[in-house]
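Here's the structure, in structure tokens; my notes come after.
The values are calculated or read from the model by the stated rules, or taken from the named source; none is laboratory data. The shown structure was predicted, so the numbers you read here are calculated from the model rather than taken from an experiment. No Cβ is skipped: glycine too gets one built from the backbone with ideal geometry, and neighbour counts run over all protein chains shown.
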Protein chains: 2
Amino acid sequence: MTANQWAVGVDLGGTKVEVAHVDAEGRVRMRLRRPTDVRDGPAAVQDEIVAAVRDLQGSGGNSPIAVGVGVAGQIEPSSGVVRFAPNLDWHDMPLQADLSKSLDLPVTVTNDVRAATWGEWLYGAGQGCTDLVCLFVGTGIGGGVVSGGQMLSGCSNTAGELGHITIDLHGPLCHCGNQGCLEAEAGSWAIARRARQAISADPVAGASLLEMAGGQPEAITAKIVAQAAHAANPLARQLIDEVAQALIAGAVSLVNDFNPCRLILGGGVIEGLPELVEKVDKGVRQSALAAACSPLQVLPAQLHNDAGVIGAAALAMRSRRSD
Amino acid sequence: MTANQWAVGVDLGGTKVEVAHVDAEGRVRMRLRRPTDVRDGPAAVQDEIVAAVRDLQGSGGNSPIAVGVGVAGQIEPSSGVVRFAPNLDWHDMPLQADLSKSLDLPVTVTNDVRAATWGEWLYGAGQGCTDLVCLFVGTGIGGGVVSGGQMLSGCSNTAGELGHITIDLHGPLCHCGNQGCLEAEAGSWAIARRARQAISADPVAGASLLEMAGGQPEAITAKIVAQAAHAANPLARQLIDEVAQALIAGAVSLVNDFNPCRLILGGGVIEGLPELVEKVDKGVRQSALAAACSPLQVLPAQLHNDAGVIGAAALAMRSRRSD
């Protein structure tokens, strides 16, 4: 591909779709955000994507060579059928075929977290690396794994559900139904739950944290807990320490399982609490096997919210080349 | 390779070495076992291997085309240097080069559990499968992972240390220094520890189990606990139920991480308690993500103690072919 070729990267979520012009070096040159309303139905959501891609096409000189779409859901690998996307309430939606027909362009649909892992691998903290694990800690926790230079996909394309490893078999219930998943201990919804439980258990110790949420327990978020921890609130610091211990336990599992050269940490919780990267680094070196740790680097993700659109576009460009 | 070609498979442990004639279909045609005494030094152990290989050579018609050796330790991938083998007390031992020189044959050295995974993959419960996880539950717990048709090795060739995933971050200490590893909850040494602790905590409930160990707490083994459980001893049944819960928690992590088509369970604990395979199957389907479980089969390993020699020989034959 030549230097002025580009692709469209799409990050499709339940409330908005982001559509970006991504150049051949993995840089976002322009982006558009549109609201999505799942109640309008899949056709309306697809129309939004098509309109946004056409707007991007109209603004540049040449046309994109391909379109990559990341969707939070289970995707069938070659057909790009969205098997199930809970946020969109989609089942067996032939998104790749539909968009390709509407846009008359090659389209590649992949899981959104897998797309973000592609982004970090090719253009972020994973560049040049053949063995890496990306762990994205946001509302939920997801990830992706590159091993021996291959992105792992697994038997039904769901490999890398790293938020749903059990780190405490007697631990709290996860949204997925399992007990003590990493996500149920360190995802931002779990951090808010931890905070509400701690305040309820010890209202005196929790008074100042509760005040930061306007006195409403249900208004407590991971962001508020992070802010309180940075303001030296003792309860918040303890909660964040528990989150760090959970992330370390999960990271130990991942390092011993996959033996990556790099463990890359991203997502909103890490961005709000960047000190977690160093804590995980230190904790993993104490508790994972020495032979697995010796080559390991623990690094923050580099592409922030752009990882998904960059990775989706990069994957689409690669798919185009390998056709 | 032709049908009458064969290779030698070697399983090198701290107290014995097993050396087998393995044919082109992965069948053991003859085997020799020799004691190893690490106190005699590495040269003596290597001499035992060489003598056993020569005995096998002498007994058959044609010569083997290659020798594969599985060693419990950390192996450097292409050189076959044994970086560290705790049971043998070896550090940086050029085993592959030394044996190749002594035997004048191509030699491939690999980790023993990795070798067993090769065996199950090529000739056991994993035949024809491109995505599988082998979990061997013995004194320790180890494993191997095949994903997208590739055996995962990781950044420093230690991928697949599946016994050292954290399943209970507040759990008991593991030999590796981490807390709540799968091995520290379900390996046979951990089962014996569980039993001793339970008897000590409730001597009345533990009396009959202790009696089966001749009244000596330190004589309790996982095997005795398994026998007692099969004889409907209530405490032993409870202990085995806890082991099953631990294995399920670990299996959930592995299924969500790797999304294998097959999860293959082997090793002495599974052979002594074959009902664990069904319990893990049922438990994983309850607690792992539905999308990861839908294609999953949970199966017992097929090659039993031969997986290591068969896999080591098969790997050596493959290495020979790809030269």
Is it the case, given these coordinates, that B:Arg320 is more than 13 Å from chain A (Cβ to nearest Cβ), not in a loop (DSSP other than H, G, I, E, B) and not β-branched (Val, Ile, Thr)? yes
Selection from segment A:17-43 of residues that are among the aliphatic types (A, V, I, L, M) and exposed (fewer than 13 other Cβ atoms within 10 Å of the Cβ): A:Ala43
Residues satisfying the stated conditions in segment B:52-76, i.e. within 14 Å of chain A (Cβ to nearest Cβ), in contact with a helix residue (DSSP H, G or I) (Cβ under 6 Å, 6 or more places away or on another chain) and over 17 Å from B:Arg34 (Cα atoms): B:Gln74
Only one of B:Ile224, B:Ile191, B:Ile165 is modelled with pLDDT of 95 or more and within 30 Å of A:Val146 (Cα to Cα), namely B:Ile165
Looking at A:Asp131, A:Asp112, which is the one that is crowded, with 24+ Cβ neighbours inside 10 Å, farther than 19 Å from A:Asp306 by Cβ, charged (D, E, K, R) and in contact with a strand residue (DSSP E or B) (Cβ under 7 Å, 6 or more places away or on another chain)? A:Asp131
The residue that is farthest from the other protein chains (Cβ to nearest Cβ), considering only those in segment A:250-289 that are crowded, with 24+ Cβ neighbours inside 10 Å and in a loop (DSSP other than H, G, I, E, B), is A:Gly267
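Every residue, every condition in (1) more than 20 Å from the chain's Cα centre (by Cα); (2) surrounded by fewer than 24 Cβ atoms within 10 Å (Cβ to Cβ); (3) within 14 Å of chain A (Cβ to nearest Cβ), yes or no:
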| residue | (1), (2), (3) |
| --- | --- |
| B:Asp92 | yes, yes, yes |
| B:Ala97 | yes, yes, no |
| B:Thr108 | no, no, no |
| B:Gly124 | no, no, no |
| B:Thr139 | no, yes, no |
| B:Gln150 | no, yes, yes |
| B:Ser156 | no, yes, yes |
Can you name the residue in segment B:77-90 that is within 14 Å of chain A (Cβ to nearest Cβ) and of a type in the set (A, V, I, L, M) and is also nearest to B:Pro300 (Cα to Cα) among such residues? B:Ala85
From the option list A:Ala301, A:Ala246, A:Ala292, A:Ala226, single residue qualifying as in contact with an Asp or Glu (Cβ under 7 Å, 6 or more places away or on another chain), touching a residue at least 24 places away in the same chain (Cβ under 8 Å) and away from chain B (no Cβ under 14 Å) is A:Ala301
Would you pick out the residues in segment A:147-169 that are touching a residue at least 40 places away in the same chain (Cβ under 8 Å) and either in a helix (DSSP H, G or I) or of a type in the set (Val, Ile, Thr) (or both)? A:Thr158, A:Leu162, A:Ile165, A:Ile167
So B:Glu211 passes all but one of these: (1) out of contact with any Asp or Glu (no Cβ under 7 Å at 6 or more places or on another chain); (2) within 8 Å of another protein chain (Cβ to nearest Cβ); (3) among the charged types (D, E, K, R). Which condition number does it fail? (2)
Segment B:193-212 residues that are closer than 24 Å to B:Thr139 by Cβ, paired with ones that are of a type in the set (Asp, Glu) (beta carbon under 7 Å, 6 or more apart): B:Arg194/B:Glu242
Residues of segment A:306-323 being closer than 18 Å to A:Cys134 by Cβ and touching a strand residue (DSSP E or B) at 6+ places or on another chain (Cβ under 8 Å), which ones? A:Asp306, A:Ala307, A:Gly308, A:Val309, A:Ile310, A:Gly311, A:Ala312, A:Ala313, A:Ala314, A:Leu315
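Find the residue count for segment B:69-89, including only residues that are outside any loop (DSSP other than H, G, I, E, B) and either surrounded by fewer than 20 Cβ atoms within 10 Å (Cβ to Cβ) or not assigned by TED's automatic domain parsing to the domain that holds B:Asp40 (or both).
2
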Filter result for the condition that a residue is assigned to a helix (DSSP H, G or I), in contact (Cβ under 8 Å) with a residue 40 or more places away in the chain, closer than 25 Å to A:Ala249 by Cβ and acidic (Asp, Glu), over B:Glu185, B:Glu120: B:Glu185
How many residues are more than 14 Å from chain B (Cβ to nearest Cβ) and either in contact with a Ser or Thr (Cβ under 6 Å, 6 or more places away or on another chain) or not in a strand (DSSP E or B) (or both) if we restrict to segment A:126-137? 1
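Filter segment B:25-39 for residues that are in a loop (DSSP other than H, G, I, E, B) and modelled with pLDDT under 95 and give the result.
Within segment B:25-39, B:Thr36, B:Asp37 meet the criteria.
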Test A:Ala228 against the stated conditions and say whether it is assigned by TED's automatic domain parsing to the domain that holds A:Glu271, of a type in the set (Gly, Ala, Ser) and surrounded by fewer than 23 Cβ atoms within 10 Å (Cβ to Cβ). no
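Quick check on B:Asp11: is it crowded, with 20+ Cβ neighbours inside 10 Å, assigned by TED's automatic domain parsing to the domain that holds B:Ala97 and under 20 Å from B:Pro86 (Cα atoms)? Break it down into steps so the answer makes sense when it comes.
Values: crowded, with 20+ Cβ neighbours inside 10 Å: yes; assigned by TED's automatic domain parsing to the domain that holds B:Ala97: yes; under 20 Å from B:Pro86 (Cα atoms): yes.
So B:Asp11 passes the test.
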